[in-house]
1. Please report the buried accessible area for the interface of B with A, total over both chains, probe 1.4 Å, in Å² to the nearest 100.
2. Can you tally the lysine pairs in the protein assembly as shown where the Cα-Cα distance is under 29 Å and the two residues are eight or more apart, or on different chains?
3. State to the nearest 20 debye the size of the charge dipole of segment C:13-99 about its Cα centre, where the only charges are +1 on K and R beta carbons and -1 on D and E beta carbons.
4. Give the peptides A:2-12, C:217-227, A:44-54 in descending order of average Cβ contacts within 10 Å, highest first.
5. Work out the mean other chain Cβ neighbour count within 10 Å for the residues of A:157-167 and drop it here as an integer.
6. What residues have an amide H closer than 5 Å to that of C:Tyr88, excluding those fewer than 5 places away on the same chain, when H is modeled at 1.01 Å from N in the peptide plane?
7. Rounded to the nearest 500, what is the protein assembly as shown's calculated 222 nm mean residue ellipticity when only DSSP H runs of at least 4 contribute -39500 (n - 2.57) each, over all residues?
8. On the Cα set of segment C:84-153, report Rg and Dmax in Å, please.
Amino acid sequence: MGRVMRRILVNVMWALTLPALLIAAWWLVSDDSTSIYSPPLRTILRTFGPTWDGDRLTHDVVPSLLRLTAGYLLAAVAGIGLGLLVGLHAQLRATLEPVLEFLRALPPPVLVPIIMLFAGIGDTMKLIVIASGCLWPVLLNTVEGVRAVDQVMIETARSYRLPAPARLRHLVLPAASPQIFAGLRQALSIGIILMVISEMFAASNGLGFAIVDFQRSFAIPEMWSGILLLGLLGFVLSMLFQLVERRALAWYHGLRASRRAS
Amino acid sequence: MSAARRAGLGLCGLFGFLVLIELLPRTGLVPSAYFPPTSRIAVALWDQVLQGSFWSALGDTLIAWGLGLLIAVAGGVVAGVLLALVPWLRRFTASTVEFLRPIPSVALIPLAVLLYGTQIGSTLLLVVYAAFWQVLVQVLYGVGDIDPVAEETARSYRLGTWARIRYLLWPTGLPYLMTGIRLAAAVALILAITAELVIGAPGLGVRIAVAQSSQAVPQMYALIAVTGLLGLGINLGARAAERRLLSWHQSVRGEAVV
Amino acid sequence: MLEVRGLQKVYEGAGRRVEAVRDLTFTLEPGELACLVGPSGCGKTTLLKCLAGLLAPSAGDVLLGGHKVTAPPPGMALVFQEYGRSLYPWLRVRDNVELPLRQKKEMSRQRRRELVERSLAEVGLTHAHDAYPWQLSGGMQQRVAIARAIAYEPEVLLMDEPFAAVDAQTRADLEDLVRRVWQDLGVTVLFVTHDIDEAVYLGQRVLVLSNSPTVVQEQLTIDLPDERDQLTTRADPRFTAFRTRIYEQIQAAKVAKA
């Protein structure tokens with residue numbers, strides 16, 4: 001028990017030393033800074049609490065997160081559904097491939113001006129922007145995953161006469177899931193980018209709006225605290241994603257580990 | 001399905017897509033003020049192509065993209081190899097990398113504005129930050145993939161650091177590096193356009209923003225189509241380069257067979 | 001039980017025409033255990049896929065219980081050589097065995113449980129219900145695949161070189177397992193192998209196939225006693241005689257081809 005504790009402690013030390021050093025360095029270097037662009041870390045941290053109090057949390061952070069969640073989930077469902085459809089039909093896939101490649105290659109932020117034309121600058125616009133940017137990585141990765149389902153697995157399902165719905169549920173979806181998750185991960189970072197950008201473009205609230213607002217009104221410590229918050233948000237969402245992925249793909253990681261060991 | 005048939009179907013799909021965009025506004029299903037038909041976008045595109053300022057904007061975007069990518073790849077490779085060769089360094093930095101990597105690079109937009117305003121530096125900052133992690137992470141994966149038996153063989157024959165880089169790290173890591181560069185190239189374009197669009201740094205993005213604010217809708221669509229073609233070109237180019245450079249490698253050979 | 005008449009399979013594509021199976025005719029009696037043996041690359045897998053209804057033959061018929069096989073028939077189970085790819089890695093052992101049964105609407109949950117329980121016990125895996133296939137050794141994975149096949153309660157069990165990828169010790173155990181399952185359940189078994197010893201040890205009858213394009217070169221009734229074991233049966237002079245005979249046949253087939 002003592003040895004386990006020690007190992008954990010050592011690992012924690014390894015993990016925390018560099019971040020602690022970096023933060024200390026930032027603190028010391030910036031401490032007597034008089035530059036308005038890089039205020040002392042002390043000041044930034046002091047403004048963090050008051051800046052992101054309950055009011056801003058409900059007014060800016062929560063709406064941002066709601067838009068992101070809704071747009072992301074919409075894209076995930078649509079992307080997986082359409083991806084299954086396209087992936088399972090060779091003719092359809094061959095027909096749509098060039099168009100899909102083009103749509104995927106569009107840098108997602110350029111969707112903002114187009115969608116603003118249709119949907120104005122309200123929540124709908126932001127939701128559509130996020131969803132339409134997240135859609136392509138999910139869709140194309142699902143298509144790839146479906147296409148790559150192992151031939152022997154397919155023949156097994158056929159020889160045991162699994163009907164189409166069972167094949168979809170017990171074979172195609174799980175077999176494609178590692179690839180689908182790769183798409184969902186790409187989509188998550190695109191979704192965060194689009195959440196911020198759509199709010200920077202035209203909005204009256206949201207995290208992106210708040211940060212740009214601080215910058216324009218030269219509230220620099222507040223701006224820095226916003227950058228920190230956004231960074232923290234990216235980190236937390238990525239951790240959450242990893243948690244879900246580890247659970248959902250436990251079999252896949254086990255399989256890979258067992259292959260590597262042999 | 002034969003290659004010719006695939007290409008034929010693909011062309012049909014493309015043609016159908018263009019016809020659809022032509023017909024949707026013409027039949028009044030979507031308002032043509034927001035959604036111009038293909039023909040009008042094509043005219044606007046031709047109009048752009050005849051203007052020198054379009055080409056200089058395209059050049060600006062490509063320079064920011066290319067330069068940013070170059071810096072990111074160089075930094076990613078140097079950092080990755082360093083971390084690979086010095087195990088304690090890797091352990092030491094792992095948590096920091098895990099923390100910094102998911103930070104959305106758009107969080108740096110206000111900082112870029114303050115530091116560089118609407119100059120190319122703003123674009124570079126965002127591009128380099130976003131692309132660097134893509135390269136670094138792939139290089140680290142690649143290094144982690146080195147066959148332990150090969151590693152032990154190298155050590156038992158007392159190969160030096162340089163020989164280990166040359167014969168172990170490089171061949172194992174190259175496919176991962178190429179993947180990293182391919183992903184980084186796509187991300188770099190996204191961030192380059194974003195910086196131009198949101199901050200106003202010179203390039204295609206700022207032209208899109210101008211077209212949007214002056215209600216020049218067909219021009220806006222034409223420019224957006226150009227960014228799409230640019231992205232497509234980058235993707236296809238990166239994949240072709242990957243295939244050529246790695247023709248000996250299993251992952252590519254495997255892909256070619258299917 | 002299973003009747004094959006004039007079966008031919010020709011692969012055509014890209015201007016090439018490959019005749020994998022030329023003209024095969026044979027019959028399996030109910031409850032029989034027959035082995036198909038032939039040189040590597042003689043179209044055994046093609047033949048088996050035609051029997052299983054996974055491939056449409058170019059000419060000839062496959063009849064199961066008097067009905068023509070055009071798609072995988074209900075009374076047939078197939079054990080693949082590639083156990084690692086035939087078991088689904090995201091399902092636990094129990095769920096892998098149960099999956100085909102869950103599609104039989106008329107079967108009660110109670111009965112499903114019993115069948116899973118019984119067939120896993122039959123192959124000696126009572127303790128591994130909750131494991132994932134990739135946590136098991138190759139031989140145990142193939143046992144799971146066999147359990148899945150017998151839980152399905154087929155009339156005919158087709159086995160495609162099921163033990164080609166396991167080590168010799170395990171292989172001997174699995175051979176005895178197949179004999180026991182066959183005797184316990186009274187199922188008709190067609191066992192395909194490239195291993196002459198295995199064919200003689202297992203079969204009541206051995207069909208020797210020629211080189212590709214494949215025909216049945218010879219049929220031998222193996223009149224060894226029904227109780228077989230690895231030591232005495234393999235030391236039996238009649239065993240050796242059968243083995244020599246088949247070996248000569250296969251060599252002759254190769255020479256005839258060359």
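1. Details: alone 15250 and 16170 Å², together 26590 Å².
Interface area, both chains combined: 4800 Å², rounded to the nearest 100.
2. 15
3. 340
4. Values: A:2-12: 9.4, C:217-227: 13.2, A:44-54: 14.7.
Packing order, densest peptide first, comes out as A:44-54, C:217-227, A:2-12.
5. Mean number of neighbouring Cβ atoms from other chains: 6.
6. Hits under the 5 Å cutoff: none.
7. Per the formula, -22000 deg cm²/dmol.
8. Taking only Cα atoms of segment C:84-153, I get Rg and Dmax of 11.0, 34 Å.
The values are calculated or read from the model by the stated rules, or taken from the named source; none is laboratory data. From a predicted model like this one, the values you see are computed outputs, not experimental measurements. So basically every Cβ, Gly included, is an ideal-geometry build from the backbone, and we count neighbours across all protein chains shown. These area figures cover heavy atoms from the full protein model, side chains too; ligands, DNA and RNA do not enter into them. Shrake-Rupley method; radii C 1.70, N 1.55, O 1.52, S 1.80 Å.
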